[in-house]
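Remarks on the structure that follows.
The values are calculated or read from the model by the stated rules, or taken from the named source; none is laboratory data. All values reported here derive from a predicted model rather than from experimental measurement. Don't worry about glycine lacking a Cβ; one is built from the backbone with ideal geometry, like all the others, and counts go over all protein chains shown. We work out accessible area using only protein heavy atoms, side chains counted, and drop any ligands, DNA or RNA first. Shrake-Rupley method; radii C 1.70, N 1.55, O 1.52, S 1.80 Å.
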Amino acid sequence: MELVSSSFAGQFVNYNALHDYKMIFKFIVDNKIYSNCSLNLEEKVKKLVEFEKARKISKNSKRRKIYAIELLVMLPKNLMKSQKHQFIKEFMLKISTVYKRVIYIYAFEAIGNGSYCRIIAFQRMIYNKPHFVPAKYKRDMYINKNTGQTCSKDDVDAIRICKKNEVKKDKENNVIYQKVTISPKKYRCLNFKDSNDIDKKLKRFNSFKNKLQKKVIYALSRILGSQNIYMKLRHKQFKKNDTEISKRILYYNSIINQINIDLQMLQNTFYYRGLIWDKRNAWKRFEHIFFNINQILNNGFIYLSESNEVKISIDPKSHIKASQFHENMEMFKTVAKNKIRKWYLEEFYDSEIDKWVKEEMYERVSN
């Protein structure tokens, strides 16, 4: 299921439930795998798969076994390798803190001109130490009151002797416990609730889509905020609802994230010795660009002409169509990125660094 829409252009999350366990092992073989689990990873993955394989599903059930959830996440440009790993970690923790313990594996890949991360997240926890939980009956059981033998519930003389999910007890009425090494219940943090009703299904899907999109923004904001960045543009507060304004704020924040990455790249250039000769004046010029972009955000509009006669709104609460707001935000992003790019080119030309050095340093800072 593809979780992408025009209201979230440039940020992409794809969701799939994996019904074939062979895809998990193929993923491990075909890629350089990373994980939140560092010890005996393949052994634990096999254990989780075998647990799901052993589970029985009713013949009448329309549901298929789900071995894991697959997410394909577009990565923002210019993130360093360590930031990419941190981004995935923050993203999974934003989905749920259970992913401190529940295993997920991931690999980076390129699709077209984009950089992506494919994540396979499991839904059960492997316990470090065995747990003992009350044993429960897996189904309703009936006996014939005359013969004492098990029978179906349709038998006219049937008596139900135990109920599904009822706790088992011994002859002395003591609870019977069983040892488990894997959580009996799934952590359904990535569960998409399907429905036979098309309208309900669409509504649930959109809500689930917005939830994942929001986690992407939160995760990226977290890693940008954790770096040694002198200054970054602020996000707007997001409320958890399905209103048009909330959707616009979600899109607004995604654009701010993209610009903040470029601002971070510029500020990182000040950490490399000899890359910028006159750091004091360079920083002043950078501050001028930053505050100019920030002032546009504070004003809530941007001028499209030097005479300041034509201006467009970038305020999420403005009374314009959603499509127009998205178009205006794209214009703002282009203007901001052009200002940043202009600073970068002018600064290095002023420093009289040869072209090949500039290209090498640009790659060094942005990757």
> How do 165-175, 329-339, 107-117 rank on mean C-beta neighbours within 10 Å, highest first?
Replying inline: 329-339, 107-117, 165-175
> In terms of the Cα gyration tensor, with a ≥ b ≥ c the square roots of its eigenvalues, is the stretch 44-158 rounded because a/c is under 1.5, prolate because a/b exceeds b/c, or oblate?
Replying inline: prolate
>> Please report the net charge: other residues with Cβ closer than 11 Å to the Cβ of Asn298, K and R +1, D and E -1.
In response: 0
> Roughly what would the spin-label model give for Glu287 and Arg101, points 7 Å off Cα along C-beta, in nm?
Replying inline: 4.9
> Quick one: if the Förster radius is 30 Å, what FRET efficiency do Lys164 and Cys37 give, using the C-beta to C-beta distance and rounding to 0.05?
Replying inline: 0.35
> If R0 is 35 Å, what FRET efficiency do you get for Ser152 and Asn173 from their C-beta distance, rounded to 0.05?
Replying inline: 0.80
> Given R₀ = 35 Å, FRET efficiency for Thr181-Lys81 by Cβ-Cβ distance, to 0.05?
Replying inline: 0.50
>> Run the simple label-point estimate for Leu345 and His19 please: 7 Å along Cα→C-beta, distance reported in nm.
In response: 5.2
> If you roll a 1.4 Å probe over the stretch 32-134 with all protein chains in place, what percent of the accessible area is carbon or sulfur?
Replying inline: 50
>> Tell me the Kirkwood radius of the stretch 137-210: reciprocal of the mean inverse pair distance over distinct alpha-carbon atoms, in Å.
In response: 16.6
> Under Stokes-Einstein, with the Kirkwood radius over Cα pairs standing in for Rh, what whole-number D in µm²/s applies to the stretch 13-83 at 10 °C and 1.306 mPa s?
Replying inline: 109
